[in-house]
Amino acid sequence: MKPILFNMAGCRRHSFAINAISTSLLFITSCCMFSSCFTGIESTKTVSLSREDKKILAPTPEEEYFKGVKPQSLSEWKKGKQFMAADNKTILIFDQQGLPADPNSASLGGKILSFEGIKPKLELDGTQSTSLIFSENGRYYQYNTGKSSSIASDQVMSDQIPMLIDLDMVKEAKDLLQGTKLWIRSPLWYDEDGNRVQGRKFVGITVEDVLPGDISFPLKLKFVDDSGNEAWIFMNYGNSGTETRLFSNLFFLSDLRNKYPSITDEVWEIICKGGVKLGMTKEECKLSLGNPNDVNRGHDYSQTLDLWQYPNGTALWFEDGILTKFRI
């Protein structure tokens, strides 16, 4: 048997080749990894907004207009402060001890409850929470906030008690809006009985009254449009954040069509229907859908890429400020 001879020079050449291939693969992999960071919005990090974006996303005049309608913290409540039960189911939020055997027999829906004061409640773990005492026609109800007295006074807000409508906030909204000329953004109009009727966006309306709403929306606005049609619309207290049907989402303080002469009639019609189309600008999309809940910015080799996301799942992708893709 002949001995096996190793060609050391050949081995070195093979080793050098293998190392070169490994280095090349590592370089290619690294390039791909870095390249992937700039080929799509999904892998980019949120960065500071540009001056243009800050201007577009700044609070609107409508948000500023309604911000005076705000809840009171528990520390501000006075005895006799009134709430309306939005539904017969409101009774379910109260401690069951002392309630009728059949809670539905109380028929609380639409009745006025007066705030009487607070009462400590001993929990099973030995801690104390704060209960709110309400009265209606000689009967008393207790609502457990689940918060200690040290924090309840500041953290319990009058618009956060389930199924109770703060009548002070209803009055504030009425004082602000009754007799006011607005331009409505929503086609979700209702008749006096709560049935849907055909509505239109961006037409002038005058608010005739503001009343307590229902279990879903605490405010109910009666209005008449410029054609003399009467209708109602439901609204939330809130002014910003994730709540729907806010004043700023439902109304404009002026006829916006006059402020945007550069928008074509075709695009304006799409805006009036609450839609979008490819080629629209950020400003046009904001007019149609409102402010996004989240904004992410990135870029590739030649252009700025933006992703706007909305609480309802709608997403808009922009390239250099122009809509190139969307999900509704």
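Taking all protein chains as present, what is the carbon and sulfur share of the accessible area of the stretch 84-149, in % to the nearest whole number, probe 1.4 Å?
Accessible surface attributable to carbon and sulfur in the stretch 84-149 totals 47 percent.
Residues with beta-carbon under 10 Å from that of ALA85, excluding ALA85: net charge, scoring Lys, Arg +1 and Asp, Glu -1?
Details: positive: LYS89, LYS111; negative: ASP87, GLU136.
Computed value for this residue: 0.
I need to check one value: relative contact order of the stretch 60-188, counting alpha carbon pairs closer than 8 Å and at least 6 residues apart, in percent. Please report the intermediate quantities before stating the final value.
On the way: 189 pairs, mean separation 37.4, N = 129.
Dividing the mean separation by the residue count of the stretch 60-188 yields 29 percent.
Quick one: accessible surface of LYS78, probe radius 1.4 Å, all protein chains present, in square angstrom to the nearest 10.
It works out to around 150 Å².
Mind checking the stretch 190-296 for GluC sites (Glu not before Pro) that DSSP puts in a loop (not H, G, I, E or B) and that have at most 11 other Cβ atoms within 10 Å? Working shown, then result.
Details: sites: GLU192, GLU208, GLU230, GLU243, GLU266, GLU269, GLU283, GLU284; in loops: GLU192, GLU243.
Answer in residue order: GLU192.
Given a Förster radius of 22 Å and the C-beta distance between GLU208 and LEU188 as r, what FRET efficiency does 1/(1 + (r/R0)^6) yield to the nearest 0.05?
On the way: r = 18 Å, r/R0 = 0.81.
Working from the Cβ atoms, E equals 0.75.
Where the accessible area of the stretch 210-328 is counted over protein heavy atoms with a 1.4 Å probe, how much of it, in %, is carbon and sulfur? Walk me through the intermediate numbers first.
Values: 2740 of 5710 Å².
C and S fraction of accessible area: 48 percent.
What does the extension gain come out to for ILE215 and GLU123, with contour length at 0.36 nm per residue minus their alpha carbon separation? All intermediate terms of the calculation are to be shown ahead of the outcome.
Working: separation 92, 0.36 × 92 = 33.12 nm, distance 2.90 nm.
That works out to 30.2 nm of additional length.
Set Lys and Arg Cβ to +1 and Asp and Glu Cβ to -1, take the dipole of the stretch 95-238 about its Cα centre, and tell me which of ILE161, GLY238, GLY110 lies farthest positive.
After comparing all options, I get GLY238.
Measuring with a 1.4 Å probe in the full set of protein chains, what accessible area per residue, in whole Å², belongs to the stretch 156-239?
Numbers: 3660 Å² over 84 residues.
I get 44 Å² per residue for the stretch 156-239.
Taking the dipole about the Cα centre of the stretch 194-328, with the C-beta of Lys and Arg at +1 and of Asp and Glu at -1, give me whichever of THR324, ASN258, PHE217 is farthest to the positive side.
The Cα lying farthest towards the positive end belongs to PHE217.
What do the square roots of 5 times the Cα gyration tensor eigenvalues come to for the stretch 135-263, in whole Å, largest first, as semi-axes of the equivalent ellipsoid?
Values: eigenvalues 219, 63, 29 Å².
The equivalent ellipsoid of the stretch 135-263 has semi-axes of 33, 18, 12 Å.
The values are calculated or read from the model by the stated rules, or taken from the named source; none is laboratory data. Here the structure is a predicted model, which is why all the values come from computation and not from measurement. So basically every Cβ, Gly included, is an ideal-geometry build from the backbone, and we count neighbours across all protein chains shown. The area values use the complete protein model at the heavy-atom level, side chains included, leaving out ligands, DNA and RNA. Shrake-Rupley method; radii C 1.70, N 1.55, O 1.52, S 1.80 Å.
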